[in-house]
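First comes the structure, then the notes that go with it.
Read-outs: derived from the displayed coordinates by stated rules, not from any lab. Not measured: the values here are computed from a predicted model. Positions of Cβ are backbone-derived with ideal geometry, glycine not excepted, and every protein chain shown enters the neighbour counts.
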Amino acid sequence: MSLVPNAVMTFASPAKGEGFTPPSPEDFNLPPVGPSSSFELFGQTWALGVTKPILQLLLAAGVVFVFFYASSRQRAMVPSKLQYVGEAGYGFVRNSLGRDVIGSEHFMRFVPYLFALFFFILLNNLFSTIPFIQFPTFSRSGMVYGLAALSWVIYNAVGIQKHGFGGYLKLQTMPPGVPKPMLIILIPLEFLSNILVRPFTLALRLFANMFAGHLLLILFALGGEYLLLEGDALVKPVGVLTWLLFIAISFLELLVQFLQAFIFVILSALYISSAVADEH
Amino acid sequence: MNMIVLAQEGEHAVNPLLPHLVEIILSLIVFGLLYFAVRKWVVPNFEKTFAERTKAIEGGLNAAETKQAEADKRLEELNQQLSEARHEAARIREDAREQGAAIVAEMRDQAQAESTRIVEHAHTQIEAERQQAVTSLRAEVGTLATSLAGRIVGESLDDDARQSRVVERFLADLETQEQQPASGNGAPR
């Protein structure tokens, strides 16, 4: 697992003094960390190495597990501070994202999934703001696609498990109380929106928010720097203003990071709840 | 992987939407590991803690309820005992008053009887003494009268039998005379 192939983009790094180079999607293709080797394949240069987002993914999983394991291990009636924080986090996901959305009947099955998912995404998002890491793991679209696909598989699987394949398709595509001729239009539409589109919107929402947020931050950071270093004397104050805005936007991003983790998980829970629902 | 290569062909036109397959697989593996670890070691702990806490709180509440019920029962008992004691006290007071009244009445009766008895006794004694006096007076008066009459008529009336007959007759006359005007008060029997 330590070595993974990774495509290295052969873009030109912005040259100093040649005018401002705005940040671009290439900034998200980080070179491998540590030792790496490269090889030629299909006429491309491929790098063999571990990239920063990969390390972050592992770090997030490790931190989430260690923190919650440590806080849940004591099992004291009167919780310590650590246990209290862990219980509050767990209880938040369990009750507001699990029980309140899926319903108290079946929710317990999905709590481990929702719980792990929420804090995994949250921490990976927060990495965007945490000093010295400052890169959102989920601005790498591949990372998000995996989780969204998993969510899609889970809600469809539990739906099919509960209603059978035909019953599940009927539940998802035929809203009750609709006149028969309308179904001709509705069935493809419902199928599209409930089965096909959901994983993409789920993935793109998280990915795009993280990607755009980080791009915005880079723009303000680099732009401010450029204005301060290269700009005329009159422009330099604008550079200061840019950095102040950078700070303000960082706080906005903190909110977005939490919200996106929350939305990803609550939508996954909603999909599950609609799949295990008895009626529409 | 093909898609990445395609993206690479356009050198600078990197499409961030196109994923690296490795990242998809890796994110699933890492998240999967986290999921299983959390399901095995974290969630059961939290659930057990919650359940135990719920049980402990419920147990505490139940115990408190039991204690409260017991205390209520005890209070009820004490109140009942208190009211019983009050009743008892009232009853005893009532009894005592009645008894006192009875004793006073009895005492009064006894005193009445005693006084009556004393008066009776006195009457009897007086009557007896009076009888005695009458008897002795009669004898004396008879003797005196006889001797006086004898002296007056000169006739000896020493004959005892005659004498006493005369006296008796005289006294009987006297009594009848006395009874006729008065209704026989103080009449000798």
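From the alpha carbon gyration tensor of the range B:23-178, can you work out the equivalent ellipsoid semi-axes (sqrt of 5 times each eigenvalue) and give them in Å, largest to smallest?
For the range B:23-178, the ellipsoid semi-axes come out as 130, 9, 8 Å.
Each residue of the range A:21-26 in order: what ³J(HN,Hα) in whole Hz does its phi give by Karplus 6.51 cos²θ - 1.76 cosθ + 1.60, θ = phi - 60°, with x for Gly and Pro?
9, x, x, 9, x, 5
How much FRET efficiency would the formula 1/(1 + (r/R0)^6) give for B:GLU178 and B:THR116, where r is the Cβ-Cβ distance and R0 is 30 Å, rounded to 0.05?
0.50
Search the structure for amide H atoms under 5 Å from the amide H of A:VAL33, placed 1.01 Å from N in the peptide plane, and list their residues when 5 or more places away or on another chain.
A:VAL50, A:THR51, A:LYS52
Exposure proxy check: A:TRP152, B:TRP41 ranked by fewest other beta carbons within 10 Å?
Ascending number of Cβ neighbours within 10 Å: B:TRP41, A:TRP152.
Output the 0 to 90 degree angle, nearest 10, between the alpha-carbon long axis of helix A:236-276 and the longest principal axis computed from the alpha carbons of chain A.
Computed tilt is about 20 degrees.
Given a Förster distance of 60 angstrom, what is the FRET efficiency for A:ASN95 paired with A:ILE184, based on the Cβ-Cβ distance and rounded to 0.05?
Calculated value: 0.90.
So for the pair B:SER83, A:ASP278, with labels modelled 7 Å out along Cα→Cβ, what separation do we get in nm?
5.2
Explain nothing, just the number: relative contact order of the range A:2-276, from Cα pairs under 8 Å at least 6 residues apart, as a whole percent.
Contact order relative to length: 21 percent.
Could you tell me which of rounded, prolate or oblate describes the protein assembly as shown, using a ≥ b ≥ c as the square roots of the eigenvalues of the alpha-carbon gyration tensor, with rounded for a/c under 1.5 and, failing that, prolate when a/b is larger than b/c and oblate otherwise?
prolate
Taking chain A as a Gaussian network, where each spring joins two C-alpha atoms under 10 Å apart, which residue of A:PRO237, A:PRO112, A:PRO199 fluctuates the most?
So, out of A:PRO237, A:PRO112, A:PRO199, the one fluctuating most is A:PRO237.
HN-Hα J couplings of the range A:82-97 from phi, Karplus 6.51/-1.76/1.60, θ = phi - 60°, integer Hz, Gly and Pro as x?
4, 5, 5, 4, x, 5, 5, x, 5, x, 4, 5, 4, 8, 7, 9
Round to a whole angstrom and tell me the spacing of the C-alpha centers of the range A:54-125 and the range B:78-130.
92
Using the 10 angstrom Cβ neighbour count as an exposure proxy, how do A:VAL265, A:VAL153, B:VAL167, A:VAL238 rank, fewest first?
If I rank by nearby Cβ atoms, fewest first, I get A:VAL153, A:VAL238, B:VAL167, A:VAL265.
Okay, helix-only estimate at 222 nm for the protein assembly as shown: each DSSP H run of n ≥ 4 adds -39500 (n - 2.57), divide by all residues, round to 500 deg cm²/dmol; what do you get?
So the helix-based figure for the protein assembly as shown works out to -25000 deg cm²/dmol.
Is the shape of the range A:2-276 best called rounded, prolate or oblate, per the rule: a/c under 1.5 gives rounded, else a/b larger than b/c gives prolate, else oblate, with a ≥ b ≥ c the square roots of the Cα gyration tensor eigenvalues?
Prolate shape, in that a/c is at least 1.5 and a/b is the bigger ratio.
Check which residues have an amide H placed less than 5 Å from A:SER38's amide H, if you skip close sequence neighbours.
When sequence neighbours closer than 5 places are left aside, the close amide H contacts are A:LEU48.
Using only the alpha-carbon atoms, how far is helix B:43-153 inclined from the longest principal axis of chain B? Give it as 0 to 90 degrees, nearest 10.
Long axis of B:43-153 versus the principal axis of chain B: about 0 degrees.
Among A:ILE263, A:ILE187, A:ILE154, which one moves the most in a GNM of chain A with springs linking Cα atoms closer than 10 Å?
A:ILE187
Each label point is 7 Å from the Cα along the Cα-to-Cβ direction; what then is the distance between the points at B:GLU94 and A:MET108, in nm?
6.5
By counting other Cβ atoms within 10 Å of each Cβ, how are B:VAL119, B:VAL42, A:VAL63 ranked from fewest to most?
Going from sparsest to densest Cβ surroundings: B:VAL119, A:VAL63, B:VAL42.
Compare A:ALA61, A:ALA76, A:ALA157 in a GNM of chain A, Cα atoms joined below 10 Å, and give the one with the largest fluctuation.
Taking springs between Cα atoms under 10 Å, the residue moving most is A:ALA76.
Applying the Karplus parametrisation 6.51 cos²θ - 1.76 cosθ + 1.60 with θ = phi - 60° to the phi angles of the range A:121-127, what ³J(HN,Hα) value in whole Hz is obtained for each residue in order, glycine and proline being reported as x?
5, 4, 5, 4, 5, 5, 4
Give the average, rounded to an integer, of partner chain Cβ atoms located within 10 angstrom of each Cβ in B:41-54.
Taking all residues of B:41-54 together, the mean is 6.
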